[in-house]
Structures are given as C-alpha cells and as structure tokens.
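One structure below.
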Amino acid sequence: FSSFIAHLDSTIEVQIISLNNEVCESLEQQVTTVFEQIGTGSCALLAESFSGHIAIEMIKQRPQQFQSIFIVASFLVRPSMYTYFRHFLPLRLIVKSQLPNTILNRWLFGGLASNETIKQFIAVLKTVAPQVIKKRLDVIHGLKTDDTKLRNSCTYFKAKRDYLISSSAYLSFARIFENFELNEVDGGHFLLQSNPQAIAERVNRLVHKD
C-alpha cells in the first residue's frame with residue numbers, strides 16, 4: 001500500500017491491519033483481532049476487497065468509532081462465478097510468477113500497474129499460506145445477503161476495469177448504509193495499487209471534511 005499511503009495527507013496517521021497469516025479464524029475472531037490492534041479511539045476505516053464483510057461486522061459492533069468509512073472494490077455476497085471454480089484457479093501459477101505480467105496486469109489491475117507493482121504484489125502473495133487463500137475463497141463462495149441497516153456514511157470506490165467481481169457488487173453496501181456515495185475510479189479490482197492517487201485524493205478530502 002506504499003503508493004496509496006504516499007498520496008495521503010501527511011497529517012493522516014495510517015495503521016495497516018493484515019490478516020494474511022490467520023488460517024482458520026472465524027469472522028468474530030478476525031473482528032476481535034482488528035479491534036485489539038486499533039483500540040477504541042475515533043478513526044476512519046478503509047476496507048478493500050475481501051475485508052468488506054469484516055468491516056461491516058466491526059461497524060455493527062462500534063458504529064460510533066468510525067467517523068469515515070471507505071470501501072474499495074469489495075462485496076458482501078458471492079461476487080462472481082469465479083468462486084464456483086475456486087479449486088481450479090491458477091493460484092500456484094500466479095505465486096510462482098508463471099503467468100505473464102501482461103495477463104496479471106489486465107486481470108488484477110486493469111492494465112494500469114507497473115511491473116514493479118506486480119512484482120510487489122506477487123512477493124506479498126508468496127507470504128500468504130495456501131491454506132489462507134483456500135479458506136478465503138471458501139468464505140467468499142459462502143457469503144450471504146446481509147439485511148443490516150447502518151446510519152454511518154460510506155464512500156464506495158468501484159473499479160471501472162474490475163474483472164474479478166460483479167459490476168453490481170456495490171449494491172449490497174448501498175442497501176446497508178443510509179448515507180451512501182458511489183465513486184467510479186479507473187483501474188482494476190486492486191484499486192489501491194492500480195490507481196492509488198485517485199483513491200487517496202478522495203480520502204484526503206473526506207477525512208478533513210469530517
């Protein structure tokens with residue numbers, strides 16, 4: 001997330017919470033793990049891709065803690081047909097860098113990532129245990145509609161070149177939040193890597209507004 005953080009205002013303190021090494025944690029355990037790290041102080045919350053449903057559970061439990069909420073290319077229900085074929089996805093080829101960068105760039109980043117960004121992405125992916133990736137794909141496949149209603153304001157960033165999730169994935173969040181704003185951003189599913197400046201600029205404006 002270094003490029004994204006570099007474009008954030010220097011007055012914004014950033015804390016990155018990684019659950020990449022947690023294999024069998026339940027949703028409740030994941031939420032507890034995050035809360036233990038961020039404490040109880042007021043803050044903004046940004047969740048990308050898989051972590052959207054974790055963010056919703058956190059907001060349910062502590063709605064007053066989060067002054068700004070940003071959801072980036074995430075989903076709350078099964079996001080695409082890919083999950084039906086999750087056991088056949090070429091994850092091993094990706095981790096071993098056996099797929100051409102041009103394919104990875106288009107599929108994951110909408111063709112906007114540099115070779116260095118792709119290299120960093122693969123390096124991070126190699127640190128994630130295969131069991132974690134498989135578990136996450138199973139969780140994604142089993143996601144169900146959430147009927148929760150939240151009074152918080154939410155800004156959702158939708159990637160214009162997202163080939164991993166449905167173009168209507170944002171609607172699950174729109175139904176939950178009373179105050180919902182949709183921002184379409186040029187880039188692939190991993191927007192924080194493919195177009196970090198556009199996301200950071202919007203986050204800067206809204207955080208300082210609040």
* To do: For K119, go through the lysines and keep the ones whose alpha-carbon is under 21 Å away, minus same-chain ones fewer than eight residues off.
  => K96
* So if R0 is 35 Å, what FRET efficiency would S42 and N115 give, r being the distance between their Cβ atoms, rounded to the nearest 0.05? -> 0.35
* Whats the longest run of the chain with zero trypsin sites (Lys or Arg not before Pro) that are DSSP loop and have at most 16 other Cβ atoms within 10 Å? -> 1-95
* To do: Excluding residues on the same chain fewer than 8 positions from K134, give the aspartates and glutamates whose Cα lies under 20 Å from its Cα.
  => E22, E25, E28, E48
* Heavy atoms only, probe 1.4 Å: what % of the accessible area of the chain goes to carbon and sulfur, would you let me know? => 51 percent
* Length-normalised contact order for the chain - Cα pairs under 8 Å, 6+ apart - percent -> 29 percent
* Rounded to the nearest 500 deg cm²/dmol, what is the calculated helix-only ellipticity per residue at 222 nm for the chain, with -39500 (n - 2.57) per DSSP H run of length n ≥ 4? -> -12000 deg cm²/dmol
* How far is helix 52-61 tilted, in degrees, relative to the longest principal axis of the Cα atoms in the chain, given as a value from 0 to 90 rounded to the nearest 10? -> 20 degrees
* **Volume per residue of the C-alpha convex hull in segment 99-210, rounded to whole Å³** => 127 Å³
* Determine Rg/Rh for the chain; Rg is computed over alpha-carbon atoms and Rh is the Kirkwood hydrodynamic estimate from the same atoms. => 0.93
* To do: Add +1 for every Lys or Arg and -1 for every Asp or Glu among the other residues with Cβ under 10 Å from the Cβ of L191, and state the total.
  => 0
* With axes computed from alpha carbons, what is the tilt in degrees of helix 27-38 against the longest principal axis of the chain, rounded to the nearest 10 within 0 to 90? -> 70 degrees
* **Peptide ranges 192-198, 34-40 listed from the most packed, as the mean C-beta count within 10 angstrom indicates** => 192-198, 34-40
* For R161, what is the net charge nearby, where nearby means another residue's Cβ is under 10 Å from its Cβ and Lys, Arg count +1, Asp, Glu -1? -> 0
* Structure fact -> One finds the C-alpha centres of segment 31-50 and segment 158-178 to be spaced, in Å, by 21 Å
* Structure fact -> Result for the chain: accessible area per residue, probe 1.4 angstrom, in square angstrom, of 55 Å²
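The values are calculated or read from the model by the stated rules, or taken from the named source; none is laboratory data. All of these numbers come straight from a predicted model, not from anything done at the bench. In this analysis, Cβ positions are derived from the backbone assuming ideal geometry, glycine residues included, and neighbour counts consider all displayed protein chains. Surface areas here come from the heavy atoms of the whole protein model, side chains and all, with no ligands, DNA or RNA. Shrake-Rupley method; radii C 1.70, N 1.55, O 1.52, S 1.80 Å.
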